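What follows is calculated from the coordinates using simple rules that are stated; it is not laboratory data. Only a predicted model underlies this, so the values are computations on that prediction, with no experimental measurement involved. Cβ placement follows ideal geometry from the backbone for every residue including glycine, while neighbour counts extend to all protein chains displayed.
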Amino acid sequence: MRNKRYLLQLGLGLTLLYAGVDSFLHPSDWIGFVPEWITVLKLTPALALQIHSILEIALAIAFLVNFKAKFAAIISAFDIALILFAAGFSRNVLLITFRDIGLFFTALYLALALHF
């Protein structure tokens, strides 16, 4: 095995790949998670979801092929933190997003542990 940290990259990469591809192919299943404030950025929820799907797929590929993984980890940590804060921390929301807390800390660890 190249590196033990690659296991974290693999796990985060596969998770992001699944989320990115599924939200791109089945947007109706994901559109409800797009926060209403996205319209402040002059984006429709559908366009924001497509952009986010492409971002997640690109980050997944970076992790899986170990290309600019530290940069991907920094972006992923920021993205997942934004998802968590946008969703909020009520009990009903945490029933869905609690896994994102683990993904955030995985991305944060990789951001701190990997070298440019």
Problem - Criterion violated by K70 - all others in (1) surrounded by fewer than 16 Cβ atoms within 10 Å (Cβ to Cβ); (2) closer than 26 Å to F116 by Cα; (3) of a type outside the set (S, T, N, Q); (4) out of contact with any Leu (no Cβ under 9 Å at 6 or more places or on another chain) satisfied - result: (4)
Practice task
Have a look at F105, F85, F63, F98 and point out the one that is closer than 19 Å to L17 by Cβ and of a type in the set (F, W, Y).
Solution key: F63
Problem - Scope the stretch 61-75; condition in contact with a helix residue (DSSP H, G or I) (Cβ under 7 Å, 6 or more places away or on another chain) and assigned to a loop (DSSP other than H, G, I, E, B); matching residues - result: N66, K68
Exercise for the section: May I ask you to list the residues in the stretch 37-60 that are of a type in the set (K, R) and either within 10 Å of L17 (Cα to Cα) or assigned to a helix (DSSP H, G or I) (or both)? Expected result: none
Handout entry: Identity of the residue in the stretch 97-114, touching a residue at least 40 places away in the same chain (Cβ under 8 Å) and in a helix (DSSP H, G or I), that ends up surrounded by the most Cβ atoms within 10 Å (Cβ to Cβ)
Key = A107
